[in-house]
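Single-structure report; data block below.
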Amino acid sequence: MNIHTSEIDRPMQADEAREALERLRTWAASATDAELSSVDAGLLALLRGGAYPTFSRDYPEDFTVDAAYKATLPDLQNGPASLIRGSKRAIQHVGISNFRLPIRFHTRDGGDITLETSVTGTVSLEAEKKGINMSRIMRSFYRHAEKTFSFEVVEAALEDYKADLESFDARIQMRFSYPVKVPSLRSGLAGYQYYDIALELIETAGVRKKIMHLDYVYSSTCPCSLELSEHARQTRGQLATPHSQRSVARISVELVGKACLWFEDLIELGRLAVPTETQVMVKREDEQAFAELNAANPIFVEDAARLFAEALEADARVGDFRVVASHQESLHSHDAVSILTEGPTFAAESYDPKMFATLHHPG
């Protein structure tokens, strides 16, 4: 039975505190490591005569890092496998996304253009490795960033990825908005259309593939709505308008052979398949022409996928491909969508749940 006395609550005098500290230090001098490890860290520092260190609060402008100091820096990402958290399994993609820099591209007419480019670089990670040094991906790419783009240049960067990060597989993706001056339909004006383009170089199990993605934005007039509107006009003299909407096709192609498929070439393939591309410069005569063009090319989302596929199949520079089409309905509160693939490169049983949301192109 514990008996509480007033002595416990009595404030300790200075001489009593000194005596208690000396007794603790005497104990610590003969204590085992196991006994010392059980003591509170702050109390242990006090027993050993230590005090909380005084740190400098001024930034050391003149401090330089030499090789000896650098060797002392901790590197957890390259630590032993014992530091791995979770399942010790290989990771297919690990790296950095959306580091941006200006890249110089060739145009089909022989000129050059510099565009802000978003780069994603990833490598595979073996099961027994803790992680990678992310900054090495940027450093590897920057060694080649001043060169005019070509897949050969990107292949050199990819080789650096593999060597610097000791990885078997690597991937580089570059995204940018590519400007093309497009004439109006009838007024003789012209304006810049901007095309979202992405380029990928992928190496998996020693096999390399070159991929190009294009978002092609067009107008789709519903064939059913067009016929119903004409029926109302003809049978009842009732003015009616068919519904049409801004639509987007994400066209992804594997580049094969030695001939170059220019950005402009892929854009023109899209325009050849579905000519109702949205317009930049529009006067009244252009608006009327666009209405006539849509009436001449009414299109369901299924038609769009097949028409794009037909154009891609006819080009020897295109291997496997995928068409993801989204007609963003003005009649319905939902979109009409379709996916058509050719070959194993883009085949998939599951798709990103938000894939179609990424096809919305607000003005």
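Relative to the longest principal Cα axis of the chain, at what angle does helix 223-236 sit, 0 to 90 degrees, rounded to 10?
Once rounded, one gets 40 degrees.
Using mean Cβ contacts within 10 Å as the protection proxy, how do 303-309, 286-292, 188-194 order, highest first? All intermediate terms of the calculation are to be shown ahead of the outcome.
On the way: 303-309: 20.3, 286-292: 16.0, 188-194: 13.1.
Listed from highest to lowest mean packing, they are 303-309, 286-292, 188-194.
Using unit Cβ charges (K, R positive; D, E negative) and no other charged atoms, how large, in debye to the nearest 20, is the dipole of segment 118-246 about its Cα centre? Could the numbers behind the result be given before it?
Details: 17 positive and 16 negative charges, 108 e Å.
For this selection, approximately 520 debye.
Assigning unit charges at the beta carbon (Lys, Arg +1; Asp, Glu -1) and nothing else, what dipole magnitude in debye, to the nearest 20, does segment 298-351 show about its Cα centre? Before the final figure, lay out the partial values.
Numbers: 3 positive and 10 negative charges, 21 e Å.
The dipole magnitude comes to about 100 debye.
Can you tell me how segment 154-209 classifies by the Cα gyration tensor, rounded, prolate or oblate, using a/c under 1.5 as the rounded cut?
Working: a/c = 5.91, a/b = 4.04, b/c = 1.46.
Taking the square roots of the gyration eigenvalues as a ≥ b ≥ c, segment 154-209 is prolate.
For the charge dipole of the chain, defined by +1 on Lys and Arg C-beta atoms and -1 on Asp and Glu C-beta atoms about the Cα centroid, which residue among Pro179, Ala67, Leu125 has the Cα displaced farthest towards the positive pole?
Pro179
Quick one: how many Å² of Glu35 are accessible to a 1.4 Å probe, rounded to 10?
Accessible area of Glu35: about 80 Å².
Where Lys and Arg each count +1 and Asp and Glu each count -1, what net charge lies around Phe168 among other residues with Cβ under 14 Å from its Cβ?
Surrounding charge for Phe168 is -3.
Rank-order 236-245, 74-83, 55-64 by packing density, defined as the average count of other C-beta atoms within 10 Å over each peptide's residues, highest first. List each step's numbers first, then the result.
Values: 236-245: 13.5, 74-83: 9.9, 55-64: 5.6.
Answer by packing, highest mean first, reads 236-245, 74-83, 55-64.
Could you tell me which of Phe356, Thr241, Gln193 has its Cα farthest along the dipole of the chain towards the positive end, charges placed at Cβ (Lys, Arg +1; Asp, Glu -1), taken about the Cα centre?
The one lying farthest along the dipole's positive direction is Thr241.
Ordering Ile91, Ile137 from largest to smallest accessible area (1.4 angstrom probe), what's the sequence? Intermediate values should be presented prior to the final figure.
Values: Ile91 75, Ile137 0 Å².
Of Ile91, Ile137, the descending order of accessible area is Ile91, Ile137.
Against the longest alpha carbon principal axis of the chain, how many degrees, from 0 to 90 and to the nearest 10, is the axis of helix 263-273 turned?
Its long axis makes an angle of about 50 degrees.
Which label marks the calculated value of Rg and Dmax of the Cα atoms in Å, given the options [x] 19.1, 56; [y] 22.7, 70; [z] 33.3, 112?
Looking at Rg and Dmax of the Cα atoms in Å for this model, the match is [z].
With the dipole of segment 141-239 worked out from charges on the C-beta (+1 for Lys and Arg, -1 for Asp and Glu) around the Cα centre, which of Tyr161, Met212, Pro223 lies farthest toward the positive end?
Farthest towards the positive end: Pro223.
Over the heavy atoms of Lys88, what accessible area does a 1.4 Å probe trace out, to the nearest 10 Å²?
130
Kindly write out, for segment 99-111 in residue order, the coupling ³J(HN,Hα) from the Karplus curve 6.51 cos²θ - 1.76 cosθ + 1.60 (θ = phi - 60°), rounded to whole Hz, with x marking Gly and Pro.
Those phi angles translate into 8, 10, 6, x, 10, 9, 10, 7, 9, 5, 7, x, x Hz.
Give me the dipole magnitude in Debye, nearest 20, for the chain about the Cα centre, with unit charges on the beta carbon: positive for Lys and Arg, negative for Asp and Glu.
On the way: 39 positive and 53 negative charges, 56 e Å.
With Lys and Arg at +1 and Asp and Glu at -1, about 260 debye.
Which percent of the accessible heavy-atom area of the chain goes to carbon and sulfur, probe 1.4 angstrom?
53
The values are calculated or read from the model by the stated rules, or taken from the named source; none is laboratory data. In this text the structure is predicted, and so the values were computed from the model without any measurement. Quick reminder, even Gly has a Cβ in these numbers, built from the backbone with ideal geometry, and neighbours come from all protein chains shown. Heads up: the accessible areas ignore ligands, DNA and RNA and are worked out on the full protein's heavy atoms, side chains in. Shrake-Rupley method; radii C 1.70, N 1.55, O 1.52, S 1.80 Å.
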